[in-house]
Every structure is written in C-alpha cells, then in structure tokens.
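Participant: To start, I am sharing the structure in question, which I have written as structure tokens.
Read-outs throughout are calculated quantities, based only on the coordinates presented, and are distinct from any laboratory measurement. Computed from a predicted model, the values in this text were never measured in an experiment. Glycine gets a Cβ as well: all are built from the backbone with ideal geometry, and neighbour counts include every protein chain shown.
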Amino acid sequence: MAQRPFQTGAVVNLVAGESSKETVVVTVPKKKRFHTHYLGINGFGHSNQPLFYAVHVTTRSRVGIYPIAPTGVSEIDEPEFPTRFFGSQEAILYADPGSDLIFTVSRKETTGNVRVFMEICGLLVDV
C-alpha cells in the first residue's frame, strides 16, 4: 500500500457579528484515504471570547465531529487580536476518498474580529 506524507492548513476569519464559520481544509483525492496524525491551532481574538474549534471527518460514509482543545492562552501586544489561543494534539482520524475535511470555528460573543490558523498532517494512503 503506497503512502506519502501530507500536510495542509486553513485560515478562518470571523468578523464582528459572525458567530460561526466553517471551511473545507482539503478534499481527499480519489483512490486515497487521509490518515491524520496531528493538528495544530493558532487562534487570535479576545480574552472574553472563548472559541470552539472542531474538525469534521467522513469515515466509512459517516461524518464525525471532533472538538479540538487549545492548551494555552496568552496576551499579546496586538490591539485587534489581544489574545492568542493555541495548541496541538495527536488526532488519529481517517478521511474517506473524495470526502471534505472541514474545520469549524464558533463563538458566543460576536464583538470584534477573530482569526484562526489550523494545520493538519498525516499520510495519504492508496485504497
């Protein structure tokens, strides 16, 4: 079974008034399965606005939603995005050929802007 390393990422921007947004990180190529191994999050926003992050993966035609837990928060010297939420974690997931891997960012309080960078890596495996 042939396999090759694969890494990709996405950026989600929420503007004032938006509470949630999702983006397709990657559409898995036909005749390949994406075996995810690790993912990382760098979110920039406001300390009074906890963010919810999740990855949606289709395995055997079933969509699973996997929340991502940031492990750190720090204040930064940036007026538009004064707080950084960050973390990385092992994530052993399998995305079907032709399926979309989707990343979602949500928040309750919609004042101000939010920017989130997400990176994911693993293997593309022949099926």
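Participant: Which of Val116, Val26, Val15 moves the most in a Gaussian network model of the chain with Cα springs under 10 Å?
Facilitator: Per the Cα network of the chain with a 10 Å cutoff, Val15 tops the list.
Participant: What net charge do the residues around Met1 carry, taking every other residue with its C-beta under 14 Å from that of Met1, with Lys and Arg at +1 and Asp and Glu at -1?
Facilitator: Numbers: positive: Arg4, Lys31, Lys32, Arg33; negative: Asp126.
Charge balance in the 14 Å sphere: +3.
Participant: Find me the longest stretch of the chain that has none of the exposed GluC sites (Glu not before Pro), where exposed means in a DSSP loop (not H, G, I, E or B) with at most 15 other Cβ atoms within 10 Å.
Facilitator: Of all site-free stretches, the longest is 19-79.
Participant: I want to check the label-to-label distance for Phe86 and Ala69. Put each point 7 Å from Cα in the C-beta direction and report it in nm to one decimal.
Facilitator: The answer from the label model is 2.0 nm.
Participant: Express the relative contact order of region 17-113 as a whole percentage, based on alpha carbon pairs under 8 Å and six or more residues apart in sequence.
Facilitator: Across region 17-113, relative contact order equals 48 percent.
Participant: Moving to a separate point now. Can you give me the convex hull volume of the Cα atoms of region 10-55, divided per residue and expressed in Å³? Display every interim value, and only then the final one.
Facilitator: Working: hull volume 4.2 nm³, N = 46.
In region 10-55, the Cα hull volume divided by residue count equals 91 Å³.
Participant: List the aspartates and glutamates whose Cα sits under 13 Å from the Cα of Lys31, skipping any in the same chain fewer than 8 residues away.
Facilitator: Hits, sequence-local ones excluded: Asp96, Asp126.
Participant: Once you order the gyration tensor axes a ≥ b ≥ c over the Cα atoms, which shape class does region 53-103 get: rounded for a/c under 1.5, otherwise prolate or oblate by comparing a/b with b/c?
Facilitator: prolate
Participant: Cα to Cα, under 30 Å, and not fewer than 8 places away if on the same chain: which lysines meet these conditions relative to Lys108?
Facilitator: List returned: Lys21.
Participant: How much length, in nm to one decimal, is gained on full extension between Ser20 and Leu123, taken as 0.36 nm per residue of separation minus their Cα-Cα distance?
Facilitator: 34.2 nm is the gain from fully extending Ser20 to Leu123.
Participant: Taking 2.2 N^0.38 Å as the expected size of a compact globular protein, what ratio does the Cα radius of gyration of the chain give against it, to two decimals?
Facilitator: Computed over Cα atoms of the chain, the ratio equals 1.11.
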